[in-house]
Amino acid sequence: MGGKTGNVLKKYLLPTCLMCVITLLIFLYLAEMESLALGFLLMAVLLFIINVSFRLLVSKGIKGTSKICKTIKGFLFLFILLVNLTIAFSATILLFSNEMFFYPNHDRESYEENQKFINYEEIHFNKDNKEFSGWLLKNEKGRAPLVIYFGGNGECSARRFHTNKKSNDWDYFEGYNFMMIDYPGYGNSKGTPSDESMFDMALMCYDYAITREDVNSDNIVLMGYSIGTGVATYLASQRNIRGLILMAPYDEGISLYNSMLDIFHGPLKYLVRNKFESVKYAKSVDIQPLLLVSKADEIIPYESSILLADTFPNGSILHSLNGIKHNFFWGNKEVLENVNKYLQEVKYE
């Protein structure tokens with residue numbers, strides 16, 4: 001009896017344990033956060049249980065050394081190998097999706113430069129034990145119209161304000177103050193980025209803005225670029241706004257994932273954690289937005305932008321640009337002239 005038990009351990013339990021331990025060590029080495037480590041630990045435990053149970057069932061259920069028995073066992077072990085690979089692949093995509101998708105950053109040099117300008121105000125506010133920070137450009141005295149901007153994936157407020165100052169892009173926002181609050185984990189804001197945390201941040205940002213004495217709460221325009229268009233569209237569906245400007249917009253998060261790794265089709269689309277369902281929220285936006293899109297955009301598919309444009313119930317102002325790559329919307333004269341024109345039109349509605 002002891003010999004048989006030792007044989008089972010040697011043939012099935014020990015190789016499976018070794019495989020799981022090696023896999024776990026590799027994943028733990030790659031994981032930088034506790035939540036990731038816990039996720040991979042659970043995955044390894046699951047694989048261990050599946051492999052041990054399966055091997056024991058096969059060894060006890062299919063006895064004999066005939067060719068048929070060996071063939072059946074071969075097919076069954078091929079099946080469990082595919083199960084292992086599927087679980088490992090799916091878990092890796094799910095657990096690492098945020099790390100692969102978001103690029104939080106903070107530009108310390110720009111941050112220090114911004115503090116020199118008297119019309120720049122550094123903003124900090126807390127709500128529900130969540131801390132956010134960003135910058136406010138004061139173009140006007142007293143209660144003024146406000147643009148609330150939601151940036152792209154690699155943007156932080158310090159760099160955006162510093163860049164706009166150097167490139168004179170602020171000239172196109174005459175008559176408006178301009179606010180940008182960093183997403184969770186970006187700049188000096190605390191937390192972890194995800195579609196839900198970014199949506200929550202957007203609501204808090206708006207609710208904070210309308211409490212300020214220098215903000216005309218009846219004249220707030222939302223502006224988003226790239227990933228920020230999804231955040232801006234969501235906020236537009238939840239709050240009263242005067243206008244909505246979307247640069248390089250998309251229909252939903254799957255389009256963004258596929259722009260980086262074109263595999264999220266069919267069943268694999270369920271592995272996308274951050275939905276950013278702009279087409280869903282656009283149906284509840286009751287104003288006519290301005291959409292600036294480019295056929296040369298290598299990140300956001302042009303068709304994705306057009307699909308979103310057709311979703312707004314009151315229509316949209318669609319401006320197609322020629323030859324502008326994804327990272328060159330800001331600083332482009334044609335883009336900024338259209339932004340300025342839209343801002344002046346909605347300002348007096």
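The values are calculated or read from the model by the stated rules, or taken from the named source; none is laboratory data. A quick note: this is a predicted structure, and the numbers were derived from the prediction, not measured. Neighbour counts are summed over all protein chains in view; Cβ atoms, including those assigned to glycine, are modelled from backbone coordinates with ideal geometry. With ligands, DNA and RNA removed, areas are computed over all heavy atoms of the protein, side chains included. Shrake-Rupley method; radii C 1.70, N 1.55, O 1.52, S 1.80 Å.
Just a few scattered comments:
- Bins of 5 Å, starting at 0 and running to the largest distance - Cα pair percent for the stretch 164-216: 4, 17, 21, 17, 18, 17, 5
- Between residue 317 and residue 302, the simple spin-label model (points 7 angstrom out along Cα→Cβ) gives 2.2 nm.
- Fully extending the segment from residue 82 to residue 167 would add 25.2 nm, taking 0.36 nm per residue of separation and subtracting the current Cα-Cα distance.
- The residues 169, 286, sorted by heavy-atom accessible surface at 1.4 Å with ligands and nucleic acids left out, run 286, 169 from largest to smallest.
- Residues 81, 203 ordered from highest to lowest accessible area at a 1.4 Å probe: 81, 203.
- Probe 1.4 Å - accessible area at residue 295, Å² to nearest ten: 150
- Solvent-accessible area per residue, Å², over the stretch 135-247 with all protein chains present [probe radius 1.4 Å]: 32
- Accessible-area value, residue 77, 1.4 Å probe, nucleic acids and ligands omitted, Å²: 60
- Total formal charge among the other residues, if their Cβ is under 13 angstrom from that of residue 151, Lys/Arg +1 and Asp/Glu -1: -1
- Cβ-derived FRET efficiency at R0 22 Å, residue 286 paired with residue 200, nearest 0.05: 0.50
- C-alpha center-to-center spacing [the stretch 275-289, the stretch 322-347] in angstrom: 21
- Of 194, 133, the order by accessible heavy-atom surface (1.4 Å probe, DNA, RNA and ligands excluded), from most exposed downward, is 194, 133.
- Residue 319 - accessible surface, heavy atoms, 1.4 Å probe, Å² rounded to 10: 50
- For the stretch 106-193, the Kirkwood hydrodynamic radius from C-alpha pairs, put into Stokes-Einstein at 37 °C and a viscosity of 0.692 mPa s, yields a diffusion coefficient of 247 µm² per second.
- Within the accessible area of the stretch 203-349, the carbon and sulfur atoms contribute 48%, probe 1.4 Å, all protein chains present.
- For the pair residue 126 and residue 143 in one chain, pulling the backbone fully straight at 0.36 nm per residue adds 3.8 nm over the alpha carbon distance.
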